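S.K.: A single structure is presented below for examination.
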Amino acid sequence: MSAPKAHNPGFLALVNDAKSRIREVDIEQYKQMVSSGEPHLLVDVREDGEWTAGHAAGAMHLGKGIIERDIESRVPDKDTTLVLYCGGGFRSALAGDAIRKMGYSSVISLDGGWRAFESSGLPVE
């Protein structure tokens, strides 16, 4: 498991702004969603190389660079609950804010991202 990256202040300000408009859950809250059968689609917004190295079982891959372009064709129902994850929860917040602006009504960012998911005991591929 890789260590969290040190981020620049401008990036953190952008992420914090996005986080003010979206819902976040931590890995324990996500595990509760899964165990309760709460319907949702798990979306990995990491880069292709990150996805190839390992990802959550059953996740859809829509990298942050293309999610706005492709989300409407891949997930046409804008009421679908989407749980987005990246490496640590920053890019997923930015992507979540963007698709929220596109009309998706139930967008959640997984705080802790892949690092939290990978160590949670949930299935990975």
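S.K.: For a quick protection proxy, order the peptides 50-63, 92-105 by their average other-Cβ count within 10 Å, most packed first.
M.R.: So the order, starting with the most tightly packed, is 92-105, 50-63.
S.K.: What spacing in nm lies between the two simple spin-label points modelled at Lys78 and Leu12, each 7 Å away from Cα in the Cβ direction?
M.R.: 3.5 nm
S.K.: Under a point spin-label approximation (7 Å from Cα along Cα-to-Cβ), what is the Val124-Met102 distance to one decimal in nm?
M.R.: Spacing of the two 7 Å Cα→Cβ label points: 2.7 nm.
S.K.: For the chain, compute Rg over Rh where Rg is the Cα radius of gyration and Rh is the Kirkwood radius from the inverse mean 1/r over Cα pairs.
M.R.: 0.93
S.K.: I've got another one for you. How high is the relative contact order of the chain? Use alpha-carbon pairs under 8 Å, at least six apart in sequence, and give a whole percent.
M.R.: 33 percent
S.K.: Next up: Quantify, in whole percent, the carbon and sulfur part of the accessible surface of the chain (1.4 Å probe; protein heavy atoms only).
M.R.: Looking at the chain in its full context, I get 51 percent from C and S.
S.K.: Provide, as a two-decimal number, the C-alpha radius of gyration of the stretch 56-108 over 2.2 N^0.38 Å, N being how many residues it has.
M.R.: 1.02
S.K.: If packing is taken as the mean number of other Cβ atoms within 10 Å per residue, what is the order of 38-48, 23-33, 109-119, highest first?
M.R.: Ranking, from highest mean packing down: 109-119, 38-48, 23-33.
S.K.: Quick one: accessible area per residue over the chain, 1.4 Å probe, rounded to a whole number of Å²?
M.R.: Normalised by residue count, the accessible surface of the chain is 51 Å².
The values are calculated or read from the model by the stated rules, or taken from the named source; none is laboratory data. Remember, it's a predicted structure, so these values are computed and weren't measured experimentally. Positions of Cβ are generated from backbone atoms using ideal geometry, with glycine treated the same way; all protein chains shown enter the neighbour counts. Ligands, DNA and RNA are stripped out before the accessible areas are found, and what is left, the full protein with its side chains, is counted by its heavy atoms. Shrake-Rupley method; radii C 1.70, N 1.55, O 1.52, S 1.80 Å.
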